1. Only one residue in A:SER278, A:SER263 is assigned to a loop (DSSP other than H, G, I, E, B), surrounded by fewer than 20 Cβ atoms within 10 Å (Cβ to Cβ) and of a type in the set (S, T, N, Q), so which one is that?
2. Could you please let me know if B:GLU91 is surrounded by fewer than 22 Cβ atoms within 10 Å (Cβ to Cβ), acidic (Asp, Glu) and away from chain A (no Cβ under 14 Å)?
3. What residue, of B:VAL118, B:VAL83, is farther than 27 Å from B:VAL34 by Cα, more than 9 Å from chain A (Cβ to nearest Cβ) and within 19 Å of the chain's Cα centre (by Cα)?
4. Could you grab me the full set of residues in the range B:104-121 that are open to solvent by less than 40 Å² (accessible area, probe 1.4 Å) and charged (D, E, K, R)?
5. Would you pick out the residues in the range B:178-196 that are away from chain A (no Cβ under 11 Å) and modelled with pLDDT of 90 or more?
6. Can you name the number of the only condition in (1) open to solvent by less than 20 Å² (accessible area, probe 1.4 Å); (2) under 13 Å from the mean Cα position of the chain (by Cα); (3) away from chain A (no Cβ under 12 Å) that B:GLN166 fails?
7. Name the single residue that is farthest from the other protein chains (Cβ to nearest Cβ) among those in the range B:122-152 being assigned to a loop (DSSP other than H, G, I, E, B) and crowded, with 17+ Cβ neighbours inside 10 Å.
8. When you look at B:ALA98, is it more than 8 Å from chain A (Cβ to nearest Cβ) and in a helix (DSSP H, G or I), yes or no?
Amino acid sequence: MSNAQLEIQLIASLVAVACAIPGTFLVLRKMAMISDAISHSILPGIVVGFFITQDLNSPLLILLAALTGIITVVLVEYIQKTGLVKEDTAIGLVFPALFSIGVILIAQNANDVHLDVDAVLLGELAFAPFDRLLIGGADVGPKSLWVVGTILLITVALLILFFKELKISTFDKGLAASLGFSPAIIHYGLMSVSSVTTVGAFDAVGAILVVALMIAPAAAAYLLTTDLKKMLALAIGFGIFSAIFGYWVAHWLDASIAGSITSVLGLVFLVVYLFAPSKGIIAVMYREKQQRTEVSLLTFLLHLKNHDELEERHVNHLREHINWQKVRAKTVLDLAQKNNMIHIEKNIVSLTTKGDEFTSKAIDYIMTNEDAQIEDMKDDFFLFRG
Amino acid sequence: MKNESYENIKHSSPSDKTSASARVIAVKVDDLTVAYNYKPVLWDIDLEIPEGVLMAIVGPNGAGKSTLIKSILGILKPIAGSVSIYDKPYEKQRQLVAYVPQKGSVDWDFPTTALDVVMMGTYGSLGWIKRPGQKEKKASLEALEKVGMLAFKSRQISQLSGGQQQRIFLARALVQNASIYFMDEPFQGVDATTEIAIINILKELRKAGKTVIVVHHDLQTVPEYFDWVTFLNVKKIATGPVKDIFNDDNLTKTYGINYKVSIQE
């Protein structure tokens with residue numbers, strides 16, 4: 001592995017971490033779309049900043065561009081507050097307007113600016129190692145590595161300092177306000193970090209990948225944990241994995257690095273979405289199937305409890321009486337027998353003591369719907385788990 | 001109970017408190033007007049809440065009950081008027097006040113546990129940046145125990161029933177160890193057991209000399225649960241001891257001629 005390859009992977013990983021942190025809070029605040037808006041609307045800021053500084057990595061350019069990001073958020077909120085259009089519409093109005101200004105500015109000055117729309121959308125990670133930072137004539141590494149590294153450092157410092165404030169204002173804005181943690185300050189703080197991160201990552205990975213790096217790792221992490229710190233850690237992990245694996249996919253396929261990283265992010269999310277242990281699609285489907293069976297079982301047990309007549313309890317009659325298909329009736333009968341809820345004698349089904357107690361308890365729960373009872377039930381009955 | 005007149009109920013009220021004038025005023029609201037998009041939802045409210053009462057705020061939907069609480073707590077900015085907590089502005093008295101928002105105002109799918117939510121109640125006394133430590137954790141566990149939820153401390157909050165979630169919110173307010181408690185519809189969507197558990201804790205708070213203000217919907221239970229009541233419908237209709245002012249006259253003024261329909265809900 002060459003030095004340049006290592007540097008590209010390092011930059012991509014740092015960008016991924018810098019994006020995953022604000023991204024986690026954006027996802028929890030249901031503001032994923034705002035990152036899309038910011039990533040596009042900072043373009044005019046970048047172009048104007050570039051005219052002034054002639055340097056894509058200048059701190060002034062980053063601040064100017066981040067300012068456009070904040071302006072986007074303010075404009076969206078202002079339009080939304082008038083009550084004439086909803087938030088998604090406001091976002092859809094603001095960012096194309098700003099982005100198009102950027103596109104026109106680039107086109108108008110195409111001859112003097114080393115910026116083109118392709119690079120803006122997809123980034124030029126492959127070229128990042130060529131733009132070196134020289135201090136006193138000594139090469140200290142690629143410029144974008146330093147830019148992204150600095151942004152990441154600030155982001156991590158802010159996260160550690162204000163973790164508690166971010167958590168409370170994300171979970172309960174009203175309580176945060178009443179305790180004196182101004183939700184507005186935290187909101188605009190998060191928006192500022194998101195904007196600065198977007199600008200810093202923009203040059204390396206482009207507008208589209210920035211959004212993917214912010215949202216996909218956080219969305220996948222959300223499906224896997226019920227702990228905010230673990231969610232942050234998982235999002236960071238997914239981000240780094242996608243950055244490095246994506247780089248090698250691009251290498252093998254000789255394709256765009258940004259495109260490959262984004263594809264890997266998509267795949268990571270897809271895998272988690274399908275296979276997450278409790279919130280994944282397959283787990284949910286399995287649970288629903290279990291619940292269907294258990295409701296059937298309960299219906300069946302209740303039928304036995306309510307009927308003493310022999311013909312109501314004859315194996316062959318059960319199917320007609322409860323009106324089930326043969327296969328389902330057999331599944332339920334087997335399940336009940338396996339759990340010692342019933343015994344069958346001369347084709348007549350009756351409840352065992354255990355089955356009788358279980359049925360009474362379940363019915364009791366369903367009728368009273370009391371919390372205390374549900375707790376005991378949860379252990380032995382799938383149906384009542386969440 | 002449905003056909004019983006409120007004149008009869010008031011005599012069975014548990015209240016034995018005397019008039020407001022003799023007591024310390026915990027919360028004072030002066031000429032408060034609050035508007036959404038320049039449309040006033042609260043008009044010129046004057047309100048004095050004496051220390052140590054358990055007060056219900058009642059009124060029809062859209063009467064501005066939640067808005068009143070939120071304005072007192074500085075969550076909403078009034079267009080006119082002022083609020084004081086023990087004679088000082090709210091910003092200086094945050095430590096004395098605990099707030100229980102409506103259960104529906106937060107996302108219960110948020111990745112956190114019951115204990116962690118209760119710990120949020122300690123954030124106010126910690127201030128910015130400082131993290132909760134062992135002391136805060138111990139206080140939070142005690143609050144969980146008080147609401148009978150200690151066994152659920154590690155449970156993810158979406159895995160709790162509506163009543164359990166409300167108890168967690170109550171524990172979060174208890175851990176603040178405040179003098180004044182504001183609660184926005186704490187009985188909404190909870191089962192009967194939880195309702196009794198909550199009202200018992202509120203009565204305990206009053207016994208300990210705390211002031212408790214509750215936005216309340218069920219008019220039937222007002223005389224049984226509360227000793228003080230405020231009728232609100234954009235304007236303040238009346239405020240005072242339940243036994244003196246909880247009557248057909250004020251109910252009619254607040255709910256209009258159809259108030260009896262509301263009672264039967």
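The values are calculated or read from the model by the stated rules, or taken from the named source; none is laboratory data. None of the values given here were measured: they were computed from a predicted structure. All Cβ positions, even for glycine, are placed from backbone atoms using ideal geometry, and neighbour counts span all protein chains on display. Ligands, DNA and RNA are stripped out before the accessible areas are found, and what is left, the full protein with its side chains, is counted by its heavy atoms. Shrake-Rupley method; radii C 1.70, N 1.55, O 1.52, S 1.80 Å.
1. A:SER278
2. no
3. B:VAL118
4. Once the filter is applied, which keeps residues that are open to solvent by less than 40 Å² (accessible area, probe 1.4 Å) and charged (D, E, K, R), the range B:104-121 yields only B:ASP116.
5. If the condition is that a residue be away from chain A (no Cβ under 11 Å) and modelled with pLDDT of 90 or more, then B:SER179, B:ILE180, B:TYR181, B:MET183, B:GLU185, B:PRO186, B:PHE187, B:GLU195, B:ILE196 are the ones that fit.
6. Exception for B:GLN166: condition (3).
7. B:VAL147
8. Considered against the rule, which asks whether it is more than 8 Å from chain A (Cβ to nearest Cβ) and in a helix (DSSP H, G or I), B:ALA98 comes out as no.
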